[in-house]
Every structure is written in structure tokens, then in C-alpha cells.
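The values are calculated or read from the model by the stated rules, or taken from the named source; none is laboratory data. Treat the numbers as computed from the prediction; the structure is a model and nothing was measured. Quick reminder, even Gly has a Cβ in these numbers, built from the backbone with ideal geometry, and neighbours come from all protein chains shown.
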């Protein structure tokens, strides 16, 4: 090959190398056509300029780091707890045996990230509807006051009453009168607590 032909070949090779300059890191030995030079074991031949963050074609492909899995979203919580036998007939004072059930509820609530605690009081069907509505509201307030006194945020507690409109006993006491009727309607002297928030531990 004449010196002129050799010069033309070199110039052509330089032009081809320049075409690959944009994707040719200095850390690898490449041929005239831009292909990485490999050893007999198939490894890319690195230059003295190579650093661990370099990659070229099939040479040292960069490891794609998958993002860490997101922490599981808090489990939404909507829990309704109906607590009966809280009040005596025609009374809005909590019975002595109501304390264990309410103490357990307060403990469960403190283990939860609650946004709202809605308390609905009930009354049995004996008496006038207006009076029973007022009585059910007073019962809801009694439950709310107990929870607030045992560590529950009072600003998140809402109370209301439904009187005897949402009876739990329904028609099962229909044929009874007097003391038997009063005893049968005991489940209606109750309150329902609805907790809205994010659950940290099981509400059981």
C-alpha cells in the first residue's frame, strides 16, 4: 500500500471513530469501527482511563437499581362497635359494669391513628319519642366523656342520639310487659361507636 493510500485509510478510520465519539467512552479500547475490543475470554479491554461508572455497549452494562419498595400504605379503618348494657332503664348514667367494655375501647383507640370517633346513643321504645331522643343523646355524651377522660382526644369525638328509631331488639319483646319488657329491651340502652382513621393494630 502506498503512503498516500495508507493516509487515506487512516483519515477514513479517524472519520469513523469521530462518528462514534458521542457514544465512545475513553475507558475502553475500541476498533476503527467503534466496536469494543475484547480479550480471549470475551471481556472488554479497558484503558487506563476506565472508572467503575463507565459503560459502553455490552461492556460493563450499568446496573439499574430498582427503587426500594414503598412502605405499605396504612390500612384504612372504619370500625363500628355496638356496646349494649351500658345504662339502666330511664338513665343516662353509665352502669358500673360498663367500665370494662369502655376501658377496652379506649385502649384500642389509643393504639389507632383515629381522625374521628362518632358515638350514637340509643334508647328503648318505652316512653315518648322526644324524651327517648334526648335520653339517647345524653347517653352518647356519657360515653364520649368517659373516652375523653381516658386519653381520647375530645376534639375528635362527635355525639348524637337516635332515640328508639334504630332498635336492636326489634320485635323480639313484642309480647312482654312490665319488668319483663324492661329487661328484654336492655340491649337498646346502648351506644354505637364508629372509628374513622388509620389502623395501627387490630380493633378486637
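Determine, yes or no, whether residue 109 is at pLDDT below 90, closer than 16 Å to residue 192 by Cβ and either in the same structural domain as residue 97 (by TED's automatic domain parsing) or assigned to a loop (DSSP other than H, G, I, E, B) (or both).
So residue 109 fits the description; yes.
Output yes when any residue across region 112-135 is assigned to a loop (DSSP other than H, G, I, E, B), closer than 18 Å to residue 81 by Cα and modelled with pLDDT of 90 or more, and no when none is.
Yes.
Would you pick out the residues in region 37-54 that are exposed (fewer than 10 other Cβ atoms within 10 Å of the Cβ) and at pLDDT 75 or above?
Scanning region 37-54 gives 42, 48, 51, 52, 53.
Inspect region 182-195 for any residue being surrounded by fewer than 19 Cβ atoms within 10 Å (Cβ to Cβ), touching a strand residue (DSSP E or B) at 6+ places or on another chain (Cβ under 8 Å), at pLDDT below 95 and assigned by TED's automatic domain parsing to the domain that holds residue 110 and give the result as yes or no.
Among the residues of region 182-195, at least one is surrounded by fewer than 19 Cβ atoms within 10 Å (Cβ to Cβ), touching a strand residue (DSSP E or B) at 6+ places or on another chain (Cβ under 8 Å), at pLDDT below 95 and assigned by TED's automatic domain parsing to the domain that holds residue 110, which makes the answer yes.
Would you confirm whether or not region 136-159 contains a residue that is assigned by TED's automatic domain parsing to the domain that holds residue 190, surrounded by fewer than 21 Cβ atoms within 10 Å (Cβ to Cβ), in contact (Cβ under 8 Å) with a residue 60 or more places away in the chain and under 28 Å from residue 180 (Cβ atoms)?
no
Those residues that are at pLDDT below 75, in contact with a strand residue (DSSP E or B) (Cβ under 7 Å, 6 or more places away or on another chain) and in a loop (DSSP other than H, G, I, E, B), I need them from region 55-101; list them, please.
The answer is 74, and nothing else.
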